[in-house]
Amino acid sequence: MVRSLIRASESGWVLQNACLELRLSANSALSLRSLADQTTWLNGLPGVVIRTTPATPQLLSPSAQAASASASDPDYADQHGRGVRLTLEAPLPGPALRLTTIATLYDALPCARLQVGVQNTSAQPITIEQLLPIFADWADLTGNGRRPTRPDADRPPLSISGQTDGWAIYQHGWQSWSYTGALARGRSGRKPRSHSLRAMNQPFYSNADQVFHSWDQKTISETVALVGFPQSAPALLVGFMRAIEQGGQIALDRREGHLAAISHAEGAQLEPDEACWSEPLLIGFGAEDTLLDAYAGMVAREMGARGGQQAPTGWCSWYYYFTRVTERDILDNLHALSERKEDLPLHVVQIDDGYQTAVGDWTSINEKFPGGMQHLATAIREQGFQPGLWMAPFTATANSQLAQNQPDWLLRDTSGRPAFGGKNWGSAMYGLDCTHPQVKDWLQRLFALLVETWGYTYLKLDFLYCAALPGVRRQPQLTSVQALREGLHTIRASVGEEVFLLGCGCPLLPAVGLVDAMRISPDVAPQWLPRFHGWPVPSSERSSMPSAANAMRNSLNRAWMHPTLWVNDPDCLLIRDTDSKLTRDEIHTLASVIGLTGGMLVLSDPMRRLREERWSLATLLMPPLDQAAQPRSWLEESWPSIITLNIARPWGACTLAGLFNWTDQPTTIQMSLTSLGLPDGRFHVCEFWSQRYFGIVSHALQIDLPAHGSAVLTVQPALDRPTLLSTDFHLGQGAVEVQRFEFAEGERSLRWEIKLGRRAAGSTRIFLPSLWRPGALTTSAPEAALRVGSQPGEYHIQATIHYSATFALALEAS
Ligand code: 9PG
């Protein structure tokens, strides 16, 4: 491995690792260059935004005065590995402030870590709004009226492969439901017109807007952004590695080639001599997927992600019953699931919204649940399921007893009104002030009741963003991110480590380490696109509204989080053919997305009304895959059209691929194997939904995709030996259920094991080179038969399996 290095140069300091070079000049100017491509760089300055009078935020950056290196460590090491580190200090113009920049490069990571701090060296308190580890801009934004003197001030701030504008952006949304995905060249990020949608998805938009108001083609990405050109390296990743104290945003202007990384201190009062630090920022150049991988790993280490969890499976009442749900509905579905447990062994039965009298009044149960919540949890547990419950712990609607009886628990805006969290349930939603000691006490007692008295051990915590709305808090020195974490921490402390917490409607990064799973998408719905009272929704308003297409878009575009940050929840798989506008092809596509990205599998249909064929559709995703397929590009399209997952198994490698047709017309695609990331060569290709075996393919294949339809391919190298091609037990076609596959040439036998954890009938497709033909089959399965396939060398072993079965096939020389 190449060791990173640090040295002084005539204009400042140089840090370098295998991927990039970072120059810091004597006035703290930063210049990052990709070593793989000399035409890719980011030049900027660190800065701080202060507020002197309420109306005027002022951006300050070190001027020409020389910065001094207070520490230079060529042998630095921390949780991310070995590297080098430099600490620079520089005075800021205007009020007496000192800016410190810490730059770290790691030997084994394709990125630099940047953190800035500001110290008040005056005798007066100073209000800090934002800390900018870097902003890269042509214009004079400094408050002192002088253009910052960058040594390279005549060079464009950001260049990717020689292009200084027009790049594509991967934009990340604030919370679970917010738009996440590519903004192709020429498309700008949309700001919804509706107040409610803004409150829910972009409440901090104006903070960045105020400072960078001159950027007229502004895109704001929350926490992290990728910038570049689809499928071409290098791309640039800029992302905050932590959201423990401050929320981060990346502001971009594609026309002017601007970028700013903003860590929101939210008006922190800095007393004389006090210092305040930004969250650490990661800047990397490289291939899109390696960057997101490195980023996820660093976030997980910085924030202590709860790793190693099995993705839960279950049933949730919301997407059919909605708030009309009754105790009877829960029991009916519970019994239906219980009767079918051998074919579909789900774990959780989760009661969603609809049991409480109002949002906020969680222990006041409505008349639709006459037996009470404890009784229902007991019934669920007695049937062998884990009881799950939805609630929105940081939200109260205007009509709730909570909002009326505890007005001082509500988060307030600067004019003293309860902070608006959007409209739902025909009422305004307010957020609770989780820095209020009485709110914490109440949460502590409430969750002890839900878990210890009622008996729910799986909790879907919804509308969590309400705790993180901008507002005035009991403890004014705490930011919105800290307030949300206080709330989540109080819940975690109350329920203990064993209870499964699923975050929903939640700002993503601040929840790492506190939740076990995270909803990463808008709500699914039994319709392809969002509708409002039956009408189509304008494009500016629809990206976070419930729909199957929206849920899939975010689930694909946030696949990189799983399982590094938590278990991803892509929202429910809806498979019913009544009360649903989804076509069979659309349902297959939903199953492909949920199944291939490897997160939770939750159903939400009236189970008694499902036809047999639909039940079996659900079983195809059981158990969930433990890895996540990822888009081939994060920058190409809002809805990625190809996702892949390479699977290494002792008996051979295979690639799983999902292909999607997001258009309204059927299409035929010519797909080259290289577009799946495969090298030149010959491969066996099978498709799941059509159960087609394409035979041995060497360059490209032609596939028909229905409107809104998908294909799931399994691809393996064509070798001159017996090969497991696929199974139809599981969408993974062998990736999950095949435990081993051994060819003993000397013994002339093929042995394999299938472990499904459920009862199923299905078939395994194998390939035998022309040298061999099948002989006797022995198996532990109650029923099995061998059938000759239609392609040369293709055989099917049909079998009924109870949980698992072993197979041995004698081979005869032909
Ligand atoms: C229960 C539901 C389900 C669902 C959650 C959440 O008004 N809105 O914009 C809005 C957005 C999402 C939403 C409800 C309303 O759904 O994601 O799974 O639990 O709450 O009310």
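Restricting attention to the range 386-435, the residues being out of contact with any Leu (no Cβ under 9 Å at 6 or more places or on another chain), more than 16 Å from the ligand (Cβ to nearest atom) and either within 27 Å of F500 (Cα to Cα) or polar (S, T, N, Q) (or both) number 6.
Taken over the range 185-227, the criterion of being surrounded by 18 or more Cβ atoms within 10 Å (Cβ to Cβ), small (G, A, S) and either over 18 Å from Q246 (Cα atoms) or modelled with pLDDT of 95 or more (or both) is satisfied by G189, A199, S221, A225. Listed by first and then second residue, the pairs with beta-carbon distance under 6 Å, at least 6 apart or on different chains, first residue in the range 319-333 and more than 20 Å from K581 (Cα to Cα) and in contact (Cβ under 8 Å) with a residue 24 or more places away in the chain, second more than 16 Å from the ligand (Cβ to nearest atom) and in a loop (DSSP other than H, G, I, E, B), are E327/G371. Summed over the range 568-587, the residues that are away from the ligand (no atom under 16 Å from the Cβ) and either surrounded by 24 or more Cβ atoms within 10 Å (Cβ to Cβ) or among the β-branched types (V, I, T) (or both) give a count of 4.
Taken over the range 527-542, the residue count meeting the criterion of being buried (at least 21 other Cβ atoms within 10 Å of the Cβ) and either closer than 19 Å to T578 by Cα or more than 12 Å from the ligand (Cβ to nearest atom) (or both) is 2.
Please indicate, with yes or no, whether at least one residue in the range 477-486 is assigned by TED's automatic domain parsing to the domain that holds D353, surrounded by fewer than 24 Cβ atoms within 10 Å (Cβ to Cβ) and in a strand (DSSP E or B). No; the residues of the range 477-486 include none that is assigned by TED's automatic domain parsing to the domain that holds D353, surrounded by fewer than 24 Cβ atoms within 10 Å (Cβ to Cβ) and in a strand (DSSP E or B). Take the range 334-364 and flag every residue that is within 16 Å of the ligand (Cβ to nearest atom) and more than 18 Å from F463 (Cα to Cα). Passing the criteria: V348, V349. Exactly one condition in (1) at pLDDT 95 or above; (2) within 21 Å of D352 (Cα to Cα) is not met by P407; state its number. Unmet for P407, out of (1) at pLDDT 95 or above; (2) within 21 Å of D352 (Cα to Cα): (2).
Exactly one residue among W41, W13 is modelled with pLDDT of 90 or more, more than 20 Å from A260 (Cα to Cα) and among the aromatic types (F, W, Y), and that residue is W13. Yes or no: the range 531-540 includes at least one residue that is without any contact (Cβ under 8 Å) to a residue 12 or more places away in the chain and of a type in the set (F, W, Y). Within the range 531-540 (the criterion being without any contact (Cβ under 8 Å) to a residue 12 or more places away in the chain and of a type in the set (F, W, Y)), the answer is yes, since at least one residue qualifies.
I283 - would you say it is part of a strand (DSSP E or B), aliphatic (A, V, I, L, M), touching a Gly at 6+ places or on another chain (Cβ under 8 Å) and within 28 Å of T101 (Cβ to Cβ)? Considered against the rule, which asks whether it is part of a strand (DSSP E or B), aliphatic (A, V, I, L, M), touching a Gly at 6+ places or on another chain (Cβ under 8 Å) and within 28 Å of T101 (Cβ to Cβ), I283 comes out as no. Reported count of residues in the range 505-525, each being under 21 Å from Q310 (Cα atoms), away from the ligand (no atom under 14 Å from the Cβ) and not in a loop (DSSP other than H, G, I, E, B), is 2. I'm checking my understanding of the structure. Among residues of the range 449-460 that are touching a strand residue (DSSP E or B) at 6+ places or on another chain (Cβ under 6 Å) and not in a loop (DSSP other than H, G, I, E, B), which one is farthest from G267 (Cα to Cα)? Among those residues, the one meeting the criterion is Y458. The residue that is surrounded by the fewest Cβ atoms within 10 Å (Cβ to Cβ), counting only those in the range 431-475 that are more than 25 Å from the chain's Cα centre (by Cα) and under 24 Å from Q310 (Cα atoms), is E452. Looking at S188, S214, S196, just one residue is part of a loop (DSSP other than H, G, I, E, B), more than 30 Å from I643 (Cβ to Cβ) and in contact (Cβ under 8 Å) with a residue 24 or more places away in the chain, and that residue is S214.
Answer yes or no as to whether L502 is within 30 Å of D579 (Cα to Cα) and either away from the ligand (no atom under 11 Å from the Cβ) or modelled with pLDDT of 95 or more (or both). Taking the combined requirement at face value, the residue satisfies it.
One line per residue, one yes/no per condition, for (1) in contact with a Ser or Thr (Cβ under 6 Å, 6 or more places away or on another chain); (2) surrounded by 15 or more Cβ atoms within 10 Å (Cβ to Cβ); (3) within 28 Å of S206 (Cβ to Cβ):
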site	(1), (2), (3)
S4	no, yes, no
R7	no, no, no
V14	no, yes, no
R23	yes, yes, no
L32	no, yes, no
W41	yes, yes, no
T53	no, no, yes
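Looking at F729, F767, just one residue is crowded, with 18+ Cβ neighbours inside 10 Å and either under 23 Å from R340 (Cα atoms) or without any contact (Cβ under 8 Å) to a residue 12 or more places away in the chain (or both), and that residue is F729.
Conditions tested, residue by residue: (1) modelled with pLDDT of 95 or more; (2) touching a strand residue (DSSP E or B) at 6+ places or on another chain (Cβ under 6 Å); (3) hydrophobic (A, V, I, L, M, F, W, C).
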{"site": "L20", "(1), (2), (3)": "yes, yes, yes"}
{"site": "P54", "(1), (2), (3)": "no, no, no"}
{"site": "S63", "(1), (2), (3)": "no, no, no"}
{"site": "S72", "(1), (2), (3)": "no, yes, no"}
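Under the condition of being within 19 Å of T290 (Cα to Cα) and not in a loop (DSSP other than H, G, I, E, B), the residues counted in the range 556-578 number 5. Annotation note: of T655, T668, T644, the sole residue that is assigned to a strand (DSSP E or B), surrounded by fewer than 20 Cβ atoms within 10 Å (Cβ to Cβ) and among the polar types (S, T, N, Q) is T668.
Taking the stated definitions as given, is E266 in contact (Cβ under 8 Å) with a residue 60 or more places away in the chain, charged (D, E, K, R), buried (at least 22 other Cβ atoms within 10 Å of the Cβ) and part of a strand (DSSP E or B)? The answer is yes for E266.
The values are calculated or read from the model by the stated rules, or taken from the named source; none is laboratory data. Everything numeric in this text was worked out from a predicted model, so none of it was measured. In this analysis, Cβ positions are derived from the backbone assuming ideal geometry, glycine residues included, and neighbour counts consider all displayed protein chains.
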